[in-house]
Amino acid sequence: MYKYELSLWDTLKDKNGVPLSAKYFYGDEYSDQYLFHDPYSLPRFGHLTRKALMHYLGDYYNPHKGAMLHEPVIRLIIMGFIAYRIQHKTKAYDKDYIDNFLKKLIGDLYGVPLAYDQSRIDKGIVPPYRGILHDMDVATPQA
């Protein structure tokens, strides 16, 4: 049987019958190359991002849809939370704030109604998670 005698859907499979789209996590070669290897997409935070997306979206999560637009933004936000903790030398993360913030962000990006506490987001990162840089009074030098 020649390749052109097959249906369109059969031509999208390799010689073992595996769909070509199954070879790529994000659906195509370019998306996989960008999101897994390009330094501008922050691949170091890809695993945490996918874990958060699968946790909050559940069955709504489809890596073939919208990943090129949304995942780099979420990776940047997660990197910011980690950098904040390192820069401000806090002992732990403000998990309640991060949880509500990610619920709002991911729900808005993917159009999924996730319940979050807006008043908790408005408070921001609260003590003791704010760190030593926030607790210092910049106006008066310390002797």
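For the stretch 100-113, 3J(HN,Hα) computed residue by residue from phi via the Karplus equation (6.51, -1.76, 1.60; θ = phi - 60°) reads 5, 5, 5, 4, 5, 4, 5, x, 5, 5, 9, x, 10, x Hz, glycine and proline entered as x. The translational diffusion coefficient of the stretch 24-135, from Stokes-Einstein at 4 °C and 1.567 mPa s with a Kirkwood hydrodynamic radius over alpha carbon pairs, comes to 86 µm²/s.
Go ahead and run the numbers for FRET between R130 and V73, Cβ-Cβ distance against an R0 of 35 Å, rounding to 0.05. The computed FRET efficiency comes out at 0.90. Within the shell of other residues whose beta carbon sits under 10 angstrom from the beta carbon of R75, the net charge comes to +1, with Lys and Arg scored +1 and Asp and Glu -1. Scalar couplings 3J(HN,Hα) for the stretch 59-70, obtained by applying the Karplus form with A = 6.51, B = -1.76, C = 1.60 to θ = phi - 60°, are 6, 6, 6, 9, x, 7, 10, x, 5, 5, 8, 8 Hz; x denotes Gly and Pro.
Where a number appears in this text, it was derived from the coordinates with a stated rule and is not lab data. All of these numbers come straight from a predicted model, not from anything done at the bench. Reconstructed Cβ throughout: ideal geometry from the backbone, glycine too, with neighbour counts over all protein chains shown.
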